[in-house]
1. Pop out the carbon and sulfur fraction of the accessible area of region 4-124 as a percent, whole number, probe 1.4 Å.
2. Let me know the whole percent of all Cα-Cα pairs from region 376-438 that are separated by more than 18 Å.
3. Under the 0.36 nm per residue contour assumption, what length would be gained going from the current alpha-carbon distance of GLU74 and GLU16 to full extension?
4. Only helices at least 15 Å long along their axis, Cα-based, and averaging -0.5 or more on Kyte-Doolittle count here, so list those DSSP H runs from the chain.
5. Per residue Cα convex hull volume for region 321-368, in cubic angstrom?
6. Of all accessible surface on region 138-254 at a 1.4 Å probe, what whole percent is carbon and sulfur?
7. Restricting the count to DSSP beta bridges whose residues both fall in the chain, what percent are antiparallel, rounded to a multiple of 5?
8. Mind giving me the FRET efficiency for SER32 and THR115? R0 is 22 Å, r the Cβ-Cβ distance, nearest 0.05 is fine.
Amino acid sequence: MSRQYHLTTFGCQMNEHDSERMQGMLESLGYSQATERAAADLILFNTCSIREKADERFIAHLHEARALKRRRPETVIGVGGCWAQSVKEEVFRRFPFVDVAFGPGQMHKLAEFLTSDSIGAQGYFEFESFTGDLPVKRAREFQGWLQISVGCNCVCSYCIVPSTRGREVSRDPAVLIAEAQRLAADGVTEVTLLGQNVNSYGRDLPHPQRLSFAQLLSAVDSVDGIRRIRYTSPHPKDMREDVIRAHAELPALCEHIHLPLQSGSSAVLKRMRRTYTRERYLDRVALIRELVPDCALTTDIIVGFPGETEEDFQQTLEVAEEVGYDGAFTFIYSPRRGTEAAEIDQQIPHEVKVERLERLVDVVQRRAAEQAQRFVGRTLEVLVEGPSRTDPSRLRGRSRHNKVVNFDGLGNPGEYVDVEITGATSQTLTGEMSLVARAG
Ligand code: SAH
Ligand code: SF4
Ligand code: F3S
């Protein structure tokens, strides 16, 4: 029987995509996927370190892996991703049972390790540009990621990512377009462009091959078979009019923008080193509303950044109220090792952070529920993903606005259907499939 691997992925889409590439690579080495961790010869983790909770969750899993290895000492334990990168060789001191550790996007080194005769523990932590051209095992046939850049050149004072993913490197547009064509030929109709700061794409490329982010979107839009384009995440400081216009002009580019706010207070934004003010952010939102009136807007917000006063927090509530996001990821500030903000004296007590988070969530949910009412009575194109999570007799899919839609109807995963929206909450829409069949 072939050797079996078990992989657990934590963190963002970047990690999910890296994991798909890791799985593709392992299967090309002859490994197959184990149904449970206890059955695996190779136990792998693709880790995240964005907040302390992420670390804690992973460490609990790692201890379980150690227990399995005690019973079966030949089991190989591998730890990849951002947590591994942030602790580097220390991983082997703290967790001596780990056999191999590697930073994000260094899966090819894992292959090297697995195919060599080396027996000692190995760590691979140097930064490289995108280690492309690994086979990918996609989670869904009809949805694909396209990683357009690696790393991040921003210096957001709370964020560990620049130290785990290195400097920003854009991938060659010709390679990306070829990859998009390959995805389309493979049956992918929805592609999500990935990067830490997607709209700074291309600035580091040499002139003859340089494309701006808006031009890249347009090039992907022209790929036959791609019906939906999404991207994450743009940075408000780099949100130019050409990108916003593209949402109105390119047929495949979805009516949804995830525009991370982080804080509604210019003073806090300054200490976060976000390099935009509340006014500049709201100005971007106004331009989006003007050029793409129906565009859904989502965001990320951090509460309890060091020194955040009640007045600062009030300003975040105001922006959330004023913008009326269709959804938001809200986080309690978590000090990260090696970051500038972790060194600031005025850390906010945990109870205050929790209380602010609750107040923020109330505003976000109320506004999201209000905004969602605009869809009721409309017919939306929905990409079917599978059965509804709450009621398997119904279907679940997503609208172009990235709203989850639960509906009655027939359809296979990957099909586009028209759904008449009959109800809306802050999180999901409900509806019924239109009886008139849609072509294509
Ligand atoms: N590059 C992306 C995503 C970064 S991580 C971007 O800039 O949008 C995703 C989100 O996690 C961030 O937007 C931020 O809201 C949150 N985050 C990052 N570091 C954090 C920390 N130390 N504590 C709490 N939330 C954090
Ligand atoms: Fe982190 Fe800021 Fe870069 Fe996003 S843009 S990854 S928040 S440093
Ligand atoms: Fe993503 Fe977590 Fe790394 S959010 S970039 S996997 S620290």
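1. 48 percent
2. 19 percent
3. So the extension gain works out to 18.2 nm.
4. Span-like helices in the chain: 173-185.
5. On the way: hull volume 4.5 nm³, N = 48.
Looking at region 321-368, the number lands at 93 Å³ per residue.
6. Details: 2260 of 4420 Å².
With neighbouring chains kept in place, the figure for region 138-254 is 51 percent.
7. Around 30 percent antiparallel, to the nearest 5.
8. Rounded to the nearest 0.05, the efficiency is 0.85.
The values are calculated or read from the model by the stated rules, or taken from the named source; none is laboratory data. Please read these numbers as outputs of a predicted model, since none were measured by experiment. All Cβ positions, glycine included, derive from the backbone under ideal geometry; neighbour counts span all protein chains shown. Side chains included, ligands, DNA and RNA excluded: accessible areas come from the protein's heavy atoms. Shrake-Rupley method; radii C 1.70, N 1.55, O 1.52, S 1.80 Å.
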